[in-house]
Amino acid sequence: MLKSTKVKKLSVAVLAIGFLFSSNYSPLVNASTIKNGVSCTKNGLKKKVGSKNYVCGKNPYVSPTKLTWMLRECPKTYDLYLESKDQYDIFKDILNSAGDEGKVEAEKLLKGINALEILMKSQVCRKGK
């Protein structure tokens with residue numbers, strides 16, 4: 001009888017440890033695979049890993065186009081970039097007609113748009129390694 005009680009207690013302890021290990025281990029494995037450029041399966045799915053918020057979607061800088069994890073700011077920043085490029089053509093013509101000072105401002109605007117694209121490619125929307 002004494003042996004069966006010890007065996008039962010040991011079995012319960014092993015099962016409890018196994019359960020705790022598996023429930024704590026799974027999220028850590030899943031969390032470590034979420035980073036920029038890693039494939040994901042459901043468009044719009046959101047996850048937080050540490051202080052970073054990720055969303056599953058089509059990253060404009062990942063080719064071929066497929067669903068990947070990207071920082072939540074990537075799609076918003078990319079839309080802002082596209083809108084800036086479209087608006088630049090309008091402002092460029094207006095600023096260039098304003099003389100030398102306008103041309104300088106048009107160049108600054110273009111540099112800002114290019115800097116935004118570099119920031120997106122290198123940080124906000126960059127591919128994972």
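Summary of computed values
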read-out	value
Answer from P64, P60 - the residue that is at pLDDT below 90, of a type outside the set (A, V, I, L, M, F, W, C) and either surrounded by 12 or more Cβ atoms within 10 Å (Cβ to Cβ) or over 19 Å from the mean Cα position of the chain (by Cα) (or both)	P60
First in the range 86-102 and more than 16 Å from I113 (Cα to Cα), second anywhere and of a type in the set (D, E, K, R) and in a helix (DSSP H, G or I), Cβ under 9 Å, 6 or more apart	N96/K103; A98/E105
Residues that are exposed (fewer than 11 other Cβ atoms within 10 Å of the Cβ) and either touching a helix residue (DSSP H, G or I) at 6+ places or on another chain (Cβ under 7 Å) or part of a helix (DSSP H, G or I) (or both), drawn from the range 83-107	E83, D86, D89, I90, D100, E101
Contacts under 9 angstrom Cβ, first residue in the range 60-75 being over 13 Å from V38 (Cα atoms), partner of a type in the set (S, T, Y) and assigned to a strand (DSSP E or B), 6 or more apart	R72/Y54
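The values are calculated or read from the model by the stated rules, or taken from the named source; none is laboratory data. Because the structure is predicted, anything quoted here is derived from the model rather than measured. Note that we place each Cβ from the backbone using ideal geometry, even for glycine, and neighbour counts take in every protein chain shown.
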